[in-house]
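Notes follow once the structure below has been shown.
The values are calculated or read from the model by the stated rules, or taken from the named source; none is laboratory data. Just so we're clear, the structure is a prediction, and the values are computed from it rather than from any experiment. Cβ placement follows ideal geometry from the backbone for every residue including glycine, while neighbour counts extend to all protein chains displayed. With ligands, DNA and RNA removed, areas are computed over all heavy atoms of the protein, side chains included. Shrake-Rupley method; radii C 1.70, N 1.55, O 1.52, S 1.80 Å.
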Amino acid sequence: MSTRIKGFYKLSPEERLAEVAAFAELTEEDKKVIKGEEGFTLHNADNMVENVIGYMPVPLGVATNFKVDQKDVFIPMATEEPSVIAAASNAARLTYNTGGFTTSFAGSIMIGQVHVINLNSPYEALARIYEHKETILEKCNEQDPTLVSFGGGAKDLEVRIVETATEKVLVIHLFVDTKDAMGANAVNTMNEALAPFIEKITGGEVVLRILSNLAERRVVRARAVFEDPFGGNEKLLERFISAYELAVADPYRAATHNKGIMNGISAAVLATGNDTRAIEAGAHAYAVKNGKYTSLTHYELGENNSIIGTIELPLAIGLVGGATKSHAVARMGTKILKVESASELSGIIASLGLAQNFAGLRALASEGIQKGHMKLHIKNMAVQAGAESDQVDEIVKLAINEEKYRFDDIKRYLEIVNN
Ligand code: NAD
């Protein structure tokens, strides 16, 4: 089945859900969970975090037109920002006939850090740790037989000497294959269990025992060809490439450019119950890995006025662990995606980030983003201006007719509707 559905955006939420349900074989029960009618109660929330008093609903949409590694996918996106889902779907449409997105995954290796201070001879301590490498890995793996049974677990280590403001400290990097889990708890448990042994063999004192969110061994790459995005207009192609080049060269621009990527990525990460902060931290740290903050995407001109886009970033996301299985709606997110491994999910989410970024740059290089964005933001502004829900559509009509989307205009339309 294809997710290239013409006019999907014109359907009602119920009709859209019916399309997604047919695609992903959702049950009536599943649909109720997605609509928020069942499945996530105050009791569930209370089991997830502390001091619970309620919950904060965020709209859940799906991006259409995505074909990733030859499979059509609907990508669930939980976001409060208008125009994000439309933009991603629109950009993906331009890749549908050129083969969609192709991805690769470096592996699910997370890095755990064990930090050792107060060492008389840091270089000797470093050598001692390598001498005990096999024992250290064994001790780690004893902590997580389940992970080991899936072929995961601690696989290797590296020891670094880091010069801090006061002394030379040791930082042991444990490389743990966390398979289909994000792996923070798995890695942290190993790190903590290891600390007494590390103190014994180094004579130092262990302070930090936690994973690094710079998951550079969990890098995902995606590429796609965006078919003739400017209808052969060479000037606009040139402006697009120039906008991209500024993001590569200038951190002030790169921050916003990468924020555009994360508009898509964080929405899908949230929709699958993964840790948005871990993904954001990893992405931005990776963007500065060569000493200067830069773009996570690259663009090159292709044949027939097309643009070839690529993205590379770490994505520490899982299909098990954290809230991925304990949150009823997150489980639906994964069901809609029809993915069977964290690596498959990573490829889809990286593709979404690329499409999102492409859409932003395309708008910026041509008409600017405000026209499209404000049009989709009218409903929010109408509510902010005090409109009742049955007045919103009328206000949207007036704004689109006059092509005026400022807040003072919206207030004026509300007065018209009120009178
Ligand atoms: P987890 O401990 O809930 O689940 C992981 C465990 O699931 C594994 O250790 C393994 O025993 C088991 N498992 C079952 N099937 C598996 C499979 N197919 N592949 C791999 N493991 C399998 O969660 P986690 O993934 O270790 O940690 C994620 C959570 O940690 C998130 O909630 C995150 O927010 C939180 N966290 C993040 C940070 C950080 O990013 N710095 C720090 C601490 C905690």
Q | Stretchable slack from Ala106 to Glu192, in nm (0.36 nm times residue separation minus alpha-carbon distance) | A | 28.3 nm
Q | Stretch gain in nm, segment Ile241-Asp390, where the contour uses 0.36 nm per residue and the Cα spacing is subtracted | A | 49.3 nm
Q: Taking every pair of alpha-carbon atoms in region 73-138, give the share separated by more than 19 Å as a whole percent.
A: 65 percent
Q: Please report how far the C-alpha centroid of region 357-419 lies from that of region 61-94, rounded to the nearest whole angstrom.
A: 22 Å
**Q.** GNM flexibility winner over the chain from Asn90, Asn305, Asn274 (Cα, springs under 10 Å)
**A.** Asn305
Q | Percent carbon-and-sulfur accessible area, the chain, ignoring ligands, DNA and RNA, probe 1.4 Å | A | 50 percent
Q | Measure of compaction for region 164-205 (Cα Rg per 2.2 N^0.38 Å) | A | 1.42
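Going by average Cβ neighbours within 10 Å, how do the peptides 338-349, 131-142, 156-167 rank, with the highest at the top?
338-349, 131-142, 156-167
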Q.
At 1.4 Å probe size, what's the solvent-accessible area of Leu376? Round to the nearest 10 Å².
A. 90 Å²
Q: With only alpha-carbon atoms counted, please give the Rg and Dmax of region 188-334, in Å.
A: 20.0, 68
Q. Taking a temperature of 25 °C and a viscosity of 0.890 mPa s, what whole-number D in µm²/s does Stokes-Einstein yield for region 131-271 with Rh from Kirkwood over alpha carbon pairs?
A. 129 µm²/s
Q: Return one quarter of the surface area of the convex hull spanned by the alpha-carbon atoms of the chain, equal to its mean projected area, in nm².
A: 24.1 nm²
Q.
Using only Cα atoms and rounding to the nearest 10 degrees, what angle (0 to 90) does helix 328-337 make with the longest principal axis of the chain?
A. 80 degrees
(Q) For a quick check of your reading of the filter: which chymotrypsin sites (Phe, Trp or Tyr not before Pro) in region 138-205 sit in a DSSP loop and have no more than 15 other Cβ atoms within 10 Å? (A) Phe150
Q. Using the C-alpha gyration tensor of region 1-83, what are the square roots of 5 times its eigenvalues, in whole angstrom, with the largest one first?
A. 28, 14, 13
**Q.** Point-to-point label distance, Glu367-Leu11, nm (Cα→Cβ direction, 7 Å offset)
**A.** 2.5 nm
Q) If you take all C-alpha pairs in region 1-141, what percent of them are over 19 Å apart? A) 70 percent
Q. Listed highest first by mean packing, meaning other Cβ atoms within 10 Å per residue, what order do 251-263, 233-245 come in?
A. 251-263, 233-245
Q) With charges only on Cβ, +1 for K and R and -1 for D and E, what is the dipole size of the chain about its Cα centre, in debye, rounded to 20? A) 620 debye
Q: Could you go through region 345-362 in sequence order and give the Karplus-derived ³J(HN,Hα) for each residue, using 6.51 cos²θ - 1.76 cosθ + 1.60 with θ = phi - 60°, rounded to whole Hz, and x for Gly and Pro?
A: 4, 4, x, 5, 6, 5, 4, 4, x, 5, 4, 4, 5, 4, 4, x, 5, 4
Q. Rule-of-thumb check for region 320-419: C-alpha Rg over 2.2 N^0.38 Å?
A. 1.54
Q) Any idea how far the Cα center of region 299-339 sits from the one of region 205-277, in Å? A) 12 Å
Q. Any idea what angle helix 133-142 forms with the longest principal axis of the chain, computed on alpha-carbon atoms, 0 to 90 degrees, nearest 10?
A. 60 degrees
Q | Relative contact order computed over region 221-380 (Cα-Cα under 8 Å; 6+ residues apart), in percent | A | 35 percent
**Q.** Principal-axis tilt of helix 370-384 within the chain, Cα atoms, nearest 10 degrees
**A.** 90 degrees
Q: Over the chain, average the accessible area per residue using a 1.4 Å probe and give it in Å², no decimals.
A: 49 Å²
Q. Taking 0.36 nm per intervening residue step and subtracting the Cα-Cα distance, what contour gain separates Ala285 from Thr310 on full extension?
A. 7.2 nm
